[in-house]
1. Can you give the local net charge around Asn447? Use residues other than it whose beta-carbon is closer than 10 angstrom to its beta-carbon, Lys and Arg +1, Asp and Glu -1.
2. Out of residues 5 or more away from Lys160 or on other chains, whose amide H comes under 5 Å of its own, with H placed 1.01 Å from N in the peptide plane?
3. Provide Glu161, Glu303, Glu320 ordered by accessible surface of protein heavy atoms (probe 1.4 Å), highest first.
4. Report the net charge of residues surrounding Asn414, where surrounding means a beta-carbon distance below 15 angstrom and charges are Lys +1, Arg +1, Asp -1, Glu -1.
5. Starting at the first residue of the range 318-325, write each ³J(HN,Hα) from the Karplus equation 6.51 cos²θ - 1.76 cosθ + 1.60 with θ = phi - 60°, in whole Hz, x for Gly and Pro.
6. Students often get this wrong: which residues of the range 77-93 have the backbone nitrogen under 19 Å from the point 7 angstrom along Cα-to-C-beta of Lys147?
7. Using modelled backbone amide H atoms (1.01 Å from N, in-plane), which distant-in-sequence or interchain residues come within less than 5 Å of Ile423's amide H?
8. Rounded if a/c is under 1.5, else prolate if a/b is larger than b/c, else oblate: which is the range 356-401, with a ≥ b ≥ c the root eigenvalues of its Cα gyration tensor?
Amino acid sequence: MAAGMASESVEQGDKVTLRVIVDKGRNQVVYAEAGKDFVDVLFSFLTLPLGTIARLVAKESNIEAVRFGSISSIYESVSDLDQQHLWSHNCKEMLLNPRNSMEDHYKHLKLNIDDTPLQLFMCEDKSCRSCVSIFSNQKCHCGKLLKTDVHLIYQKGFVKESATFIIQDDLNVMPNDLGTSLCLLQKRGINNIADIEKKMILVGKKEVADLLKLSLLSKTPLSDFVLKRKPILCNLNQNFEPKIKIENGLPSSDSDEGKQMVVKVIRRTSNGKILFATAEEDFADILFSFLTFPLGAVLQMLEGFSSISCMDCLYRSIKELSPDRCLRSQELKDKLIKPDIFPNFELRRQILAIETFELTWNSQRLDFIDPKSPISGGYAKGPLTIMVTDDLIVTPMSSIDAISYLERMNVPLNDIEEIVLNIGKNEGLSILKASLTSTSVLTNSLNQYIG
Ligand SMILES: [Zn+2]
């Protein structure tokens with residue numbers, strides 16, 4: 001034990017301290033107290049594109065690799081997809097290493113765990129400032145090469161330098177206040193200070209990766225993390241609530257026929273389970289584009305009800321924080337609760353309400369050299385028919401593979417029906433919501449639209 005203590009204090013330079021109050025009787029974290037370094041990294045989770053999260057949680061930390069709903073399946077499908085089905089090699093690179101529109105805010109955080117390369121290239125001709133690319137050696141509009149490295153100006157995270165916070169077990173973050181912490185103890189019926197234990201936890205990058213994993217899977221990530229409990233996994237498929245909360249508030253997607261796409265669903269008649277769907281490259285693009293969406297933007301689309309319960313808590317708590325006393329500015333708060341997609345990553349035919357922004361240089365707009373389709377702005381190259389399983393494994397369609405799949409799943413041919421669905425904004429949002437936590441995404445999201 002003494003040796004352990006010694007090595008911890010040596011490492012303390014790149015670790016931050018988390019002070020925790022534990023309810024001894026229930027073996028639960030009541031709350032943690034932390035400063036800027038820790039809270040900045042928690043908030044940075046909301047800026048991470050879903051594909052980045054899938055990549056980060058697939059690595060080992062102190063806990064083993066985990067899967068991120070069915071987003072991990074989309075990520076692996078892109079990784080396995082033959083190059084010929086994408087517009088360029090760069091398209092694959094963009095989907096597997098999606099850029100974060102707030103990367104300049106967290107890249108230099110002490111506990112940053114995102115290893116996405118952050119490059120941006122301008123024209124080798126210094127007088128030409130019309131184009132940029134995230135890939136080097138692309139051709140500029142003027143014909144020369146884009147190979148001059150652009151240096152980003154790094155910002156200092158999200159929260160005020162000296163602010164401190166109270167973080168509840170479900171990642172609800174509040175300003176540090178004695179009244180609040182007393183209230184949290186009283187609410188649990190803790191009147192005797194002997195019933196609580198104070199702990200000090202050192203948090204490094206490995207621990208942040210642990211926390212990211214736990215926050216996708218557990219309703220009590222801090223207790224699981226601090227007390228090294230086995231996470232109480234929510235049975236995600238069972239708890240899944242397919243209805244999207246804002247469905248009625250959305251304008252009817254039928255009005256915008258240009259943005260609709262057709263998906264043919266193969267469903268078991270006996271139990272309503274959707275086995276797989278077939279569709280064209282436009283639907284592949286929608287699924288692939290999920291990888292590029294910042295988590296916070298997805299939570300914003302779902303109005304803070306994503307079914308990743310503690311990310312919802314984290315998101316909603318930021319909305320309550322004061323931009324004067326806690327966050328660095330109102331503008332930064334607005335960005336955190338509605339992060340944009342990185343410029344050039346957007347689809348021209350996106351059915352979901354996700355926004356991007358323009359990059360400027362001396363107030364002049366910069367054009368991105370787009371490696372995606374010149375027509376649809378998509379990643380997938382048509383004509384392509386895809387097969388999508390219920391857990392969102394996307395592969396080029398083959399009738400023989402589809403029949404083998406039915407055989408493997410032991411489905412008699414007289415128990416299946418094909419249903420043609422138009423996929424608009426509501427259907428797209430339902431699929432996105434289900435993909436965060438479920439591995440029966442098509443069944444959970446599309447059955448409600450089948451009459
Ligand atoms: Zn140029």
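1. Taking every other residue near Asn447 into account, the sum is +2.
2. Counting only residues 5 or more places away or on other chains, the set is Leu327, Arg328.
3. Ranked from most to least accessible, the order is Glu320, Glu161, Glu303.
4. Within the 15 Å Cβ shell, the charges total -2.
5. Going residue by residue, I get 5, 4, 7, 6, 7, x, 7, 9 Hz, with x marking Gly and Pro.
6. Hits in the range 77-93 for Lys147 at 19 Å: 90.
7. Met261, Val262, Val263
8. Prolate.
The values are calculated or read from the model by the stated rules, or taken from the named source; none is laboratory data. Bear in mind that the values here come from a model prediction, so they are computed numbers and not experimental data. As a convention, Cβ positions derive from the backbone with ideal geometry for all residues, glycine included, and neighbour counts pool all protein chains shown. For accessibility, only protein heavy atoms count, side chains too; no ligands or nucleic acids. Shrake-Rupley method; radii C 1.70, N 1.55, O 1.52, S 1.80 Å.
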